[in-house]
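Step one of this worksheet: look at the structure below.
Just so it is clear, none of the values below were taken in a lab; they were calculated from the coordinates. Model, not experiment: these values are computed from the prediction. Neighbour counts are summed over all protein chains in view; Cβ atoms, including those assigned to glycine, are modelled from backbone coordinates with ideal geometry.
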Amino acid sequence: MLHTLARRFGQVGCCCSLVLGYALIGPAFVPPTAAAETVALSIDVSKPGAKIDRNLFGQFAEHLGHGVYEGVWVGPESPIPSTRGIRNDVVAALKALKVPNVRWPGGCFADEYHWRKGIGPQRAVTLNPNWGGVTESNAFGTHEFMDFLEQIGAEAFISVNVGTGTPQEAAEWLEYLTTAQPTALAKERAANGHPAPYKVAYLGIGNESWDCGGNMTPEHYLSQLKAYSRFVRNFNPAQQQDPHRMLKIAVGPGGDGPRWTEWTDAIMKAWQGRSWSWDIDGLSLHSYTVVKWPPSYESAGFGETEYAQILKSTLEMDRLVATHSAIMDKYDPQKKIALVVDEWGSWYAPLPGSKEGFLVQQNSQRDAILAALNLNIFARHAERVRMANIAQMVNVLQAMILTDKEKMLLTPTYHVFRMYVPLQDATFVPVAFDAGTYTHGGGTLPRVDVIAAKDAAGRLWLAVTNLDPNRPVTVEATLAGVTPKSAAGETLTAPRVDSVNTFEAPKTVSPKPIQAQVRGKSVALTLEPKSVTVVSVE
Ligand code: AHR
């Protein structure tokens, strides 16, 4: 399968003869096997592309199931170690991911959230009709969210209520959060423990307003969008100028097909004809890897067929992004508006025995591969895709972290996000390669996927995924514009495609060190089947 950026290289057969001439660097080198064919990569470091915005590694934390309550918030009285009620173990794990931003409070929840219920000493108990019909204590509200962000070092991406709220309610929330003037709302914020204005970096104006957010037509949504964009202001004195200005993100499409392309077209066309009084900076895109609704693929205990089907489906993200980017290009050739993929990830059948509506699923090596493939797609579209939020951060859908009372585990997806940290804000470097094919059950996928990037220190990074669950592969990168001395990093694979981490065996899927062979201008890496590998080239 020829990568879109690729030109065809002569297929090299068995790599053994090639590998013999390389210097062996370090003890953790994985020896190539006879079955490890070679994929040639060509990388010209002097031809960099767009910045891989760190915001592509954003997270999403909705009031849903045990995502916030138990996953992040246990309350100050809990025996689980916390700082002001926020779990210390979860904070420590998330800090290692350098989470750039967290989208909150929803999701569908956001369009029924009334922020006043979540401030002050007395919190009204309300309902969460979207997700299991459970009660919502409102114990985790504005101040707790901002405290959580401060603890993990992330920016706020607040989704305001368009569905059941008003521009006035949202405007007052932003005034409460951001003004430095002595208004009644600022005094209330100070009385609730935070005299200084908060920083709100991103504002989502509604969520899926075409569906759970109010079943709006594009025209109806546009009239809401214009009012919210006009009236919901950020007053923080430190946020009045670029690059610190709060960015506003409009509801965008939820798939492909005419319904969605018409939505994108309508919003972008209106934006092109905007007046001085409203503006946006981003258009959201939601797309889950689900194959069919209701979600019925198992998150654990599946075989190679389901592995291949889910990965084939996730690769559709590339076409989806390309389709909507092309429409955006028509109205915004300068790419001022970012495409913000603020809900993505796998959505499987709920784990047996889990509460309905809590979207509890396991996270396997398949999810690690899925995460890498999507991050690679976003990086390839980095000129337009400048932000993304995986759904969701803890205990819900394709989570980074699972908790069970005082226990916590890191998922395979977490490990990929941690391995990709050096790519945050690095510069994309195009890679030409013939990906080869992996075929199973009549479906054909690329055998490997690769991206490269150069960090601020000038170091080159390679992220390589071997999709084939049965065959190792050697990738041999020929570099122009840099002379490599050594290359090393981490690789993540697992005994089976459906291997998961459990509270009893939390390290079944964990990264291990890997070293490449370097000779002249070439770097060669032999990758295990179904693996994700990130190495830096020194
Ligand atoms: O992430 C779960 C839900 O999926 C979100 O609340 C909604 O926006 C989407 O449909």
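Taking θ = phi - 60°, what integer Hz values does the Karplus form 6.51 cos²θ - 1.76 cosθ + 1.60 yield along segment 180-185, in sequence order, with x for Gly and Pro?
Per residue, the Karplus-derived 3J(HN,Hα) values read 9, 7, x, 7, 4, 5 Hz.
What shape does segment 423-522 have by the C-alpha gyration tensor, where a ≥ b ≥ c are the square roots of the eigenvalues, rounded means a/c under 1.5, and otherwise prolate means a/b greater than b/c and oblate the rest? Provide the component values of the computation, followed by the final result.
On the way: a/c = 2.08, a/b = 1.39, b/c = 1.50.
Oblate is the answer for segment 423-522, as a/c is 1.5 or above yet b/c matches or exceeds a/b.
Which cross-chain or sequence-distant (5 or more) residues have an amide H under 5 Å from the amide H of Thr437, H modelled 1.01 Å from N in plane?
Under 5 Å from the amide H of Thr437 lie the amide H atoms of Arg447, each far enough along the sequence or on another chain.
So for each of 213-219, 494-500, 44-50 I average, over its residues, the number of other beta carbons within 10 Å; can you give me the resulting order with the highest mean first? List each step's numbers first, then the result.
Working: 213-219: 16.4, 494-500: 19.0, 44-50: 14.7.
Highest to lowest by the protection proxy: 494-500, 213-219, 44-50.
Charges on Cβ only, +1 for Lys and Arg, -1 for Asp and Glu, centred on the Cα centroid of the chain; of Ala196, Pro121, Gln424, which one is farthest towards the dipole's positive end?
Gln424
Tell me which residues come under 5 Å, amide H to amide H, from Leu41 once H is placed; ignore anything under 5 positions away on its chain.
Hits under the 5 Å cutoff: Glu476, Ala477, Thr478.
Apply the Karplus parameterisation 6.51 cos²θ - 1.76 cosθ + 1.60, with θ equal to phi minus 60°, to every residue of segment 201-212 and state each ³J(HN,Hα) to the nearest whole Hz, in sequence, with x for glycine and proline.
7, 9, 10, x, 9, x, 9, 6, 5, 7, 8, 5
Under a point spin-label approximation (7 Å from Cα along Cα-to-Cβ), what is the Lys117-Ser78 distance to one decimal in nm?
For Lys117 paired with Ser78, the spin-label model returns 2.1 nm.
Quick one: putting +1 on the C-beta of Lys and Arg, -1 on the C-beta of Asp and Glu, what dipole do you get for segment 381-452 around its Cα centre, in Debye to the nearest 20?
On the way: 6 positive and 6 negative charges, 26 e Å.
Taking the Cα centre of segment 381-452 as origin, the dipole is about 120 debye.
Can you compute the modelled spin-label distance between Thr217 and Ala266, with each label point 7 Å from Cα toward Cβ, in nm?
0.7 nm
When the Karplus curve 6.51 cos²θ - 1.76 cosθ + 1.60 is applied with θ = phi - 60°, which whole-Hz ³J(HN,Hα) does each residue of segment 261-272 get, with x for Gly and Pro?
Using θ = phi - 60°, the values come out as 5, 5, 4, 4, 4, 5, 5, 5, 5, 4, 4, 4 Hz.
Using Cα positions and a limit of under 28 Å, work out the lysines in reach of Lys47, with same-chain residues fewer than 8 apart set aside.
Counting by Cα, and skipping residues close in sequence, Lys47 has these lysines nearby: Lys98, Lys330, Lys335, Lys336, Lys454, Lys485, Lys521.
Take the alpha carbon gyration tensor of segment 152-200, find the square roots of its eigenvalues, order them as a ≥ b ≥ c, and report rounded if a/c is under 1.5; if not, report prolate when a/b exceeds b/c, else oblate. Write out the running numbers ahead of the final one.
On the way: a/c = 2.43, a/b = 1.21, b/c = 2.01.
Because a/c hits 1.5 or more and a/b fails to exceed b/c, segment 152-200 counts as oblate.
Once you sort the root eigenvalues of the Cα gyration tensor of segment 389-430 as a ≥ b ≥ c, which label holds: rounded (a/c under 1.5), prolate (a/b larger than b/c) or oblate (the other case)? Walk me through the intermediate numbers first.
Values: a/c = 3.72, a/b = 2.46, b/c = 1.52.
Because a/c hits 1.5 or more and a/b exceeds b/c, segment 389-430 counts as prolate.
Place a +1 charge on the Cβ of each Lys and Arg in the chain and a -1 charge on the Cβ of each Asp and Glu, then give the dipole magnitude about the Cα centre in debye, rounded to the nearest 20.
Values: 49 positive and 52 negative charges, 244 e Å.
Taking the Cα centre of the chain as origin, the dipole is about 1180 debye.
By average Cβ neighbour count within 10 Å, what is the ranking of 239-249, 143-153, 338-348 from highest down?
Highest mean packing first, the order is 338-348, 143-153, 239-249.
At a Cα cut-off below 24 Å, give the lysines reachable from Lys312, other chains included and same-chain residues fewer than 8 away excluded.
Filter leaves Lys292, Lys530.
Which of the aspartates and glutamates could be linked to Lys405 by a straight reach, that is with a Cα gap under 17 Å, when you skip same-chain ones fewer than 8 residues away?
Answer for Lys405, where 17 Å is the Cα cut-off: Glu70, Glu77, Asp89, Glu504, listed by chain and number.
Taking the Cβ-Cβ separation of Thr478 and Ala456 as r and a Förster radius of 25 Å, what is the calculated FRET efficiency to the nearest 0.05?
Values: r = 24 Å, r/R0 = 0.98.
Calculated value: 0.55.
Under 5 Å between amide hydrogens, which residues at least 5 positions from Ala488 or on another chain qualify, with H placed 1.01 Å from N in the peptide plane?
The list, which skips near neighbours in sequence, is Ala516, Ser536, Glu538.
In debye to the nearest 20, how big a dipole does segment 126-261 give about its Cα centre with +1 on each Lys and Arg Cβ and -1 on each Asp and Glu Cβ? Present the calculation step by step, with values, prior to reporting the outcome.
Numbers: 9 positive and 14 negative charges, 86 e Å.
Using Cβ point charges on Lys, Arg, Asp and Glu, segment 126-261 gives about 420 debye.
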